[in-house]
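In what follows, a single structure is set out as structure tokens and then discussed.
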Amino acid sequence: MIGLFGGAFDPPHSGHVALVRAAKEELGLDRVLVLVAAAPGHKHVETPAEVRLELARAAFPDEDVLLDEHARTVDSLRAHPEWADPIFLIGADEFAGFLDWKEPDEVLRLARLGVAARPGYPRDRLEAVLRLLAAPERVLFFELAEPQSSSALRAGWRLGDVPAAVAEIVEREGLYGQHRGYTERT
């Protein structure tokens, strides 16, 4: 069984890594393809795609990490029928906005969703989305310890929030306002 984990990864952080690890364990995934959106249709990115791809490869050394040229999930899924009913992994916050995605019911026809819900996440937000889907049975939930979002990470940067290999690249390249020699790790 294959999992797909897509995003901007600007930057990839420990919450992303924990989500993939938990999904593999709880959903029984054989492998996960990490899809770095070259030009995400849902958010602004600060870092060029090639750099985000390098960061994602550092964060996920045991996974296949690919650059995804499609701005929307449904377009990626349509372009890759060989993925054959994958589980597309997202966080609960992302699922709360799933109805705003391009063709959400088509996404669910082409892939199941694996939704990582951290402890204490308001279940009513998730239920509200499920009620409006054509195929709510294709949504699988699994629990995840509290992750941090990439935007929160950029706002309150701590190199300890990212895997060590990612922190090395961030320091080396001076990304996200970091300068050589920045060594704070919490």
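Throughout, read-outs are computed from the coordinates displayed, never taken from laboratory work. Here the structure is a predicted model, which is why all the values come from computation and not from measurement. Cβ coordinates were reconstructed from backbone atoms using ideal geometry, including for glycine residues, and neighbour counts include every protein chain displayed.
Which count do you get for residues in the stretch 80-90 that are at negative phi and touching a residue at least 12 places away in the same chain (Cβ under 8 Å)? Break it down stepwise before answering.
Of all residues in the stretch 80-90, those at negative phi come to 80-83, 86-90.
Now narrow it down to the ones that are touching a residue at least 12 places away in the same chain (Cβ under 8 Å): 83, 86-90.
So the answer is 6.
Might you let me know whether the stretch 66-76 holds any residue that is surrounded by 15 or more Cβ atoms within 10 Å (Cβ to Cβ), under 14 Å from the mean Cα position of the chain (by Cα) and closer than 22 Å to Val166 by Cα?
yes
Mind checking which residues of the stretch 24-42 are of a type in the set (Val, Ile, Thr) and under 17 Å from Ala111 (Cα atoms)?
Val32, Val34
Being among the hydrophobic types (A, V, I, L, M, F, W, C), more than 20 Å from Val20 (Cβ to Cβ), surrounded by 15 or more Cβ atoms within 10 Å (Cβ to Cβ) and without any contact (Cβ under 8 Å) to a residue 40 or more places away in the chain is the requirement here; does Leu132 meet it?
Numbers: among the hydrophobic types (A, V, I, L, M, F, W, C): yes; more than 20 Å from Val20 (Cβ to Cβ): yes; surrounded by 15 or more Cβ atoms within 10 Å (Cβ to Cβ): no; without any contact (Cβ under 8 Å) to a residue 40 or more places away in the chain: yes.
Judged against the criteria, Leu132 is not a match.
Only one residue in Leu77, Leu66, Leu55, Leu29 is in a strand (DSSP E or B), touching a residue at least 12 places away in the same chain (Cβ under 8 Å) and either at negative phi or touching a His at 6+ places or on another chain (Cβ under 7 Å) (or both). Which one?
Residue meeting the stated conditions: Leu66.
Tell me, please, whether a residue that is of a type in the set (Lys, Arg) and surrounded by 14 or more Cβ atoms within 10 Å (Cβ to Cβ) can be found in the stretch 36-43. Break it down into steps so the answer makes sense when it comes.
Going residue by residue through the stretch 36-43, those that are of a type in the set (Lys, Arg) are 43.
After this cut, where a residue has to be surrounded by 14 or more Cβ atoms within 10 Å (Cβ to Cβ) as well, the list is none.
No, because not a single residue in the stretch 36-43 is of a type in the set (Lys, Arg) and surrounded by 14 or more Cβ atoms within 10 Å (Cβ to Cβ).
As an exercise: evaluate Asp64 against (1) among the acidic types (Asp, Glu); (2) closer than 17 Å to Glu94 by Cα; (3) in contact with a Leu (Cβ under 7 Å, 6 or more places away or on another chain) and give the number of the one condition it does not meet.
(2)
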